[in-house]
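The values are calculated or read from the model by the stated rules, or taken from the named source; none is laboratory data. This is a predicted model, so every value here is computed, not measured. Cβ placement follows ideal geometry from the backbone for every residue including glycine, while neighbour counts extend to all protein chains displayed. In case anyone asks, the SASA skips ligands and DNA or RNA and just uses the protein heavy atoms, side chains included. Shrake-Rupley method; radii C 1.70, N 1.55, O 1.52, S 1.80 Å.
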Amino acid sequence: MGQPQQPDEAEGGSAAERPSLGVGMVGYAFMGAAHSQGWRTVGRVFDLARRPVLAAVCGRDGQAVRAAADRLGWAAAETDWRALIARDDVDLVDICTPGDSHAEIALAALAAGKHVLCEKPLANTVEEAEAMAEAAEAAAGRGQVAMVGFNYRRVPATSLARKMVAEGRIGALRHVRVTYLQDWLVDPEFPLTWRLRKETAGSGALGDLGAHIVDLAQYLVGESLVGVSALTETFVRERPLPGGATSGLSAVSSDGVGQVTVDDAALFTGRFTSGALASFEATRYATGRKNSLCIELNGEKGSLAFDLERLNELSYHDGTEPGTHAGFRRILVTEPDHPYLEAWWPPGHGLGYEHTFVHQARDLVNAIAEGSAPVPSFADGLQVQRVLAAVEESAAKNSVYTPVVV
Ligand code: SOE
């Protein structure tokens, strides 16, 4: 079994004296591995008032979770999330499971007095998200914090873009254009995993990718979407079960195949409070696009553009410059005075996807240490959930403009 990760005590010597923050994580697949990386690294890079300790990881399969604990650096393994929450060495519960268990685990953790980090989308339904936001608000009064894992806010370039929008560098906003494209479902023989069933995932590309871009757009703009018009589609409606008819999903199938009950793609337009217009595309069928997230904002005075495949860069056009030499310029976001970068490498030595989870851990630990409210809060996660619900409602009515219920 791995030992709890400690910050480098040789440097400065004081880190080990800081009060620890015991983390307990539920789930250890892709997101669990990414969060583990964040927890392992954060105290070694950033100067934190609390010292994160990877106390225990939880999963249903005892052998597999013990192997994951060793691999990912967790001190102990649990097979029941209730036992994880009950541990005295766990102060913070990090939820990295499919959406169908977010609400139950988060509500129990908050009731037990723990801080909570929950992967996106916050829940599978608006009702669950409402209960979670309500519980988080009550827990805040008891000094607990709850945050949603919208990690793309934590790319230095997107944080810089937010700062530039807030400073008025692009002026009054007119357009937002966002796409989040993947292609892992193009093959009709790709198996029916939990992500393709409504009861586990809530929705498909909409909740998985759409949730990210709705949050990112609203964060960058600093406003909420007030209404949407949407189309969704499920291109391949039946898929082979993983492992054939004997797999855990066999209840939903006959002859080794099962129904896809979520969307494969979601397209929608939206309106922000200020009247700015937005378009969104989230799909798992964009052949050749692996994890392509692009966002562009056009304002009266300028434009900003970000591409996750070039995440150390931000494009900026200053529309107030003389037309003779105006144009988009590439800001290399690796300077020490750029967001998060004071603690990393010398200028020009870029960061990657995994650093967003380190930054997420930093912001959460800081909020806990300072007793401040972390963002995105569960209330922010609920608002995104309401946008997703409006998208589904609009799509069901063939794109009728649907207000986001506040
Ligand atoms: C889906 O393919 C997925 O893993 C999402 O669940 C993540 O949130 C996203 O960051 C990458 O893609």
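Quick look at the numbers
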quantity	calculated
Segment 377-406: number of residues that are among the hydroxyl-bearing types (Ser, Thr, Tyr) and part of a helix (DSSP H, G or I)	1
Residue in segment 348-359 that is under 30 Å from residue 230 (Cβ atoms) and surrounded by fewer than 21 Cβ atoms within 10 Å (Cβ to Cβ) present	yes
Residue list for segment 189-248, restricted to those being in contact with a Gly (Cβ under 8 Å, 6 or more places away or on another chain) and surrounded by fewer than 15 Cβ atoms within 10 Å (Cβ to Cβ)	238, 244, 245
Single unsatisfied condition, residue 272 versus (1) touching a Leu at 6+ places or on another chain (Cβ under 9 Å); (2) open to solvent by 40 Å² or more (accessible area, probe 1.4 Å)	(2)
Segment 224-276, subset among the hydroxyl-bearing types (Ser, Thr, Tyr), modelled with pLDDT of 95 or more and assigned to a loop (DSSP other than H, G, I, E, B), residue farthest from residue 61 (Cα to Cα)	274
Options 327, 323: the member that is open to solvent by less than 50 Å² (accessible area, probe 1.4 Å), more than 15 Å from the ligand (Cβ to nearest atom) and free of Cβ contacts under 8 Å to residues at least 24 places away in the same chain	327
Subset of segment 108-124 [closer than 20 Å to residue 28 by Cα and of a type in the set (A, V, I, L, M)]	108, 109, 116, 117, 122, 123
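Quick grid of which residues meet (1) closer than 30 Å to residue 393 by Cα; (2) under 25 Å from the mean Cα position of the chain (by Cα):
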position: 239; (1), (2): yes, no
position: 268; (1), (2): yes, yes
position: 278; (1), (2): yes, yes
position: 290; (1), (2): yes, yes
position: 325; (1), (2): no, no
